[in-house]
1. For labels at Thr29 and Ile14 in the simple 7 Å Cα→Cβ model, what's the distance in nm?
2. Among Ser41, Ser48, what's the order by accessible area (1.4 angstrom probe), most exposed first?
3. What ranking of Ile14, Ile35, Ile42 comes out by heavy-atom accessible area, probe 1.4 Å, highest first?
4. Show me, for the range 10-23, the HN-Hα J-couplings you get by feeding each phi into the Karplus relation (A = 6.51, B = -1.76, C = 1.60, θ = phi - 60°), rounded to Hz, glycine and proline as x.
5. Near Lys31, which lysines are there with a Cα under 29 Å away, not counting those fewer than 8 places off in the same chain?
6. Averaged over every viewing direction, what's the projected area of the C-alpha convex hull for the range 1-44? Give it in nm², one decimal, please.
7. Can you tell me the FRET efficiency between Gln65 and Glu5 if r is taken as the Cβ-Cβ distance and R0 is 22 Å, rounded to the nearest 0.05?
Amino acid sequence: MESTEYFVWKRPIIDEPFRVVRREVHSRTHKGYPITYVLKSIPFAFESWDKAQFVANKLNLEILQGKVQDWPEEDIQAID
């Protein structure tokens with residue numbers, strides 16, 4: 001079973017805000033091994049890393065506690 005974990009991510013562009021994202025498997029081999037990932041982001045940007053990390057920690061705690069996540073997410077970048 002794969003774990004879902006939110007983390008802070010920032011595009012390498014000047015003045016780009018911080019985002020709270022999670023990585024999900026986008027495609028798999030025939031045997032089920034993950035080969036492509038997609039980053040999904042909550043649709044809120046944060047001006048500081050500390051604020052974004054606080055939200056990521058809160059989401060990760062809720063996952064550990066078994067709470068259902070109701071955060072709308074949007075695809076922001078595919079990772080090969």
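The values are calculated or read from the model by the stated rules, or taken from the named source; none is laboratory data. Treat the numbers as computed from the prediction; the structure is a model and nothing was measured. Note: ideal-geometry Cβ built from the backbone for every residue, glycine included; neighbour counts use all protein chains shown. The area values use the complete protein model at the heavy-atom level, side chains included, leaving out ligands, DNA and RNA. Shrake-Rupley method; radii C 1.70, N 1.55, O 1.52, S 1.80 Å.
1. Between Thr29 and Ile14, the simple spin-label model gives 4.4 nm.
2. On the way: Ser41 0, Ser48 40 Å².
Solvent-accessible surface, decreasing: Ser48, Ser41.
3. Details: Ile14 150, Ile35 90, Ile42 0 Å².
Descending order: Ile14, Ile35, Ile42.
4. For the range 10-23, the Karplus curve yields 9, 5, x, 10, 4, 6, 6, x, 7, 10, 9, 10, 9, 9 Hz.
5. Counting by Cα, and skipping residues close in sequence, Lys31 has these lysines nearby: Lys40.
6. On the way: hull surface 15.0 nm².
The number I arrive at for the range 1-44 is 3.8 nm².
7. On the way: r = 14 Å, r/R0 = 0.64.
My answer for the efficiency is 0.95.
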